[in-house]
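Asks: Before I ask anything, let me first share the structure, which is written out below as structure tokens.
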Amino acid sequence: MAVDELDTRILRLLLEQPRTSLREYARVLGVARGTLQARLDRLERDGVITVTGPALSPAALGHPVLAFVHIEVTQGHLDEVGDTLAGVPEIVEAFSITGGGDLLTRVVARDNAHLEDVIQKLIGLPGVVRTRTEVALRERVPHRLLPLVEAVGRSAGKRKP
């Protein structure tokens, strides 16, 4: 799906001012509220906007330890293990990957002992062969999408006839 300059401006506002009303977004953008709503609906339908809820901090919820756990899975059991991982609350994300391991999970924990307990739970799951864990020490670049949105916007502006 191609985004144009207005889509880019809408996405920038959503990222920079997520708690602003649609009426205010429309005013700032200089478009009708109906136009804005139609664009937002299309961006959601096309999968550009995927989440509309708040971003939460696991650390503020008492889980300041962040680790990336690579999981090697018995051949043919990737879907089963993936489905089982969804039942582990400390796993906040999981991806099937290439390279070292079959799955990469982002795990949060209360402390290192709790992290060890979570890893032991993962090792005991049917279909899990082994794990490899990397503990994050400090966030260097927080999750962000605005620079990408800006780059896409610049590209959209260059494509204009």
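Asks: Which residue is most open to solvent (accessible area, probe 1.4 Å), if the candidates are limited to region 86-114 and must be in contact (Cβ under 8 Å) with a residue 40 or more places away in the chain and over 15 Å from the mean Cα position of the chain (by Cα)?
Replies: Restricting attention to region 86-114, the residues satisfying the condition of being in contact (Cβ under 8 Å) with a residue 40 or more places away in the chain are 106-112, 114.
Adding the requirement that they be over 15 Å from the mean Cα position of the chain (by Cα) leaves 109-112, 114.
Working: Ala109: 0, Arg110: 130, Asp111: 72, Asn112: 105, His114: 13 Å².
Once the filter is applied, the top-ranked residue is Arg110.
Asks: Got a number for residues in region 115-161 being outside any helix (DSSP H, G or I), of a type in the set (A, V, I, L, M), without any contact (Cβ under 8 Å) to a residue 24 or more places away in the chain and under 17 Å from Ala67 (Cβ atoms)? Let's see the steps before the verdict.
Replies: Filtering region 115-161 down to residues outside any helix (DSSP H, G or I) leaves 124-145, 159-161.
Add one more test, that the residue is of a type in the set (A, V, I, L, M), and what stays is 125, 128-129, 135-137, 141, 145.
Next, from what is left, pick out any that are without any contact (Cβ under 8 Å) to a residue 24 or more places away in the chain: 137, 141.
Those still in the list that are under 17 Å from Ala67 (Cβ atoms) too: 137.
Looking only at that region, the number is 1.
Asks: Could you please let me know if Gly53 is within 30 Å of Asp7 (Cβ to Cβ) and outside any loop (DSSP other than H, G, I, E, B)?
Replies: No; evaluated as a whole, the condition is false for this residue.
Asks: Based on this model, can you work out whether Lys158 counts as modelled with pLDDT of 95 or more and over 21 Å from the mean Cα position of the chain (by Cα)?
Replies: Considered against the rule, which asks whether it is modelled with pLDDT of 95 or more and over 21 Å from the mean Cα position of the chain (by Cα), Lys158 comes out as no.
Asks: Would you be able to tell me the number of residues in region 56-70 that are part of a strand (DSSP E or B), open to solvent by 30 Å² or more (accessible area, probe 1.4 Å) and either at pLDDT below 95 or among the aliphatic types (A, V, I, L, M) (or both)?
Replies: Qualifying residue count for the region: 1.
Asks: Looking only at region 86-102, how many residues end up being on the phi < 0 side of the Ramachandran plot and part of a loop (DSSP other than H, G, I, E, B)?
Replies: The number of residues fulfilling the criteria is 9.
Asks: Another one. With of a type outside the set (A, V, I, L, M), at negative phi and either loosely packed, with under 13 Cβ neighbours inside 10 Å or in contact with a Leu (Cβ under 8 Å, 6 or more places away or on another chain) (or both) as the only criterion, which of Arg42, Arg27, Arg23 stands out?
Replies: None of the others qualify; the one that does is Arg23.
Asks: Can you give me the number of residues within region 123-145 that are touching an Asp or Glu at 6+ places or on another chain (Cβ under 7 Å) and surrounded by 12 or more Cβ atoms within 10 Å (Cβ to Cβ)?
Replies: Looking only at that region, the number is 2.
Asks: For residues in region 71-85 being in a strand (DSSP E or B) and open to solvent by less than 30 Å² (accessible area, probe 1.4 Å), which is nearest to Glu116 (Cα to Cα)?
Replies: Result: Ile71.
The values are calculated or read from the model by the stated rules, or taken from the named source; none is laboratory data. All values derive from a computational prediction rather than experimental measurement. Don't worry about glycine lacking a Cβ; one is built from the backbone with ideal geometry, like all the others, and counts go over all protein chains shown. Side chains are part of the model used for accessible areas, which takes the heavy atoms of the whole protein and leaves out ligands, DNA and RNA. Shrake-Rupley method; radii C 1.70, N 1.55, O 1.52, S 1.80 Å.
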